[in-house]
1. Name, by its number, the condition in (1) touching a Leu at 6+ places or on another chain (Cβ under 8 Å); (2) touching a residue at least 40 places away in the same chain (Cβ under 8 Å) that does not hold for Val55.
2. Does Ile44 qualify as being surrounded by 15 or more Cβ atoms within 10 Å (Cβ to Cβ) and β-branched (Val, Ile, Thr)?
3. Looking for something more than 17 Å from the chain's Cα centre (by Cα), of a type outside the set (S, T, N, Q), modelled with pLDDT under 90 and part of a loop (DSSP other than H, G, I, E, B) - is there at least one such residue anywhere in the stretch 3-12?
4. What do you reckon, is Leu37 of a type in the set (A, V, I, L, M, F, W, C), surrounded by 10 or more Cβ atoms within 10 Å (Cβ to Cβ) and not in a helix (DSSP H, G or I)?
5. Pairs needed: first member in the stretch 16-36, within 18 Å of Ile48 (Cα to Cα); second member anywhere, outside any helix (DSSP H, G or I) and of a type in the set (A, V, I, L, M); C-beta distance under 8 Å; at least 6 residues apart or different chains.
6. Consider only pairs whose beta carbons are under 8 Å apart and that are at least six residues apart or on different chains; among these, list those whose first residue lies in the stretch 37-49 and is within 13 Å of Met21 (Cβ to Cβ) and whose second residue is of a type in the set (A, V, I, L, M, F, W, C).
Amino acid sequence: MKHLFLGKNWIKTGLKFGFLMFLIVGIAFAVLQGRMLSWQYLIINFVIMMLGGLVYGLLMKIYFTLTSRKK
C-alpha cells in the first residue's frame, strides 16, 4: 500500500479517493435523500471532495514517510 503514496503517486491516489467520495457522498446520498442536483451543488461538491482527496493523499504520504524512517 505504501507504493500508492511514493513520489507523485499521492496526487493520483488522492484524486481517485476524492472522486470516489464525490460519487458516494455528493451524488448517491443526495439522490437517496431526494435532493435536487443543481450544477452549482455538483461543482462546489466536486471541488470540495477533490481538495479533501488531495489532503488525504498528502497526509498518507507524510504518514508512510515517517513510519518508514522508524524501521
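The values are calculated or read from the model by the stated rules, or taken from the named source; none is laboratory data. Just so it is clear, the model here is predicted, and its values are computed rather than measured. FYI the Cβ positions are ideal-geometry reconstructions off the backbone, even for glycines, and counts take in every protein chain you see.
1. (1)
2. no
3. Looking for residues that are more than 17 Å from the chain's Cα centre (by Cα), of a type outside the set (S, T, N, Q), modelled with pLDDT under 90 and part of a loop (DSSP other than H, G, I, E, B), one finds at least one in the stretch 3-12, hence yes.
4. Numbers: of a type in the set (A, V, I, L, M, F, W, C): yes; surrounded by 10 or more Cβ atoms within 10 Å (Cβ to Cβ): yes; not in a helix (DSSP H, G or I): yes.
In short, yes.
5. From the stretch 16-36, the pairs are Ile27/Leu37; Ala30/Leu37.
6. From the stretch 37-49, the pairs are Asn45/Phe22; Asn45/Val25; Phe46/Phe22; Met49/Phe19; Met49/Met21; Met49/Phe22; Met49/Val25.
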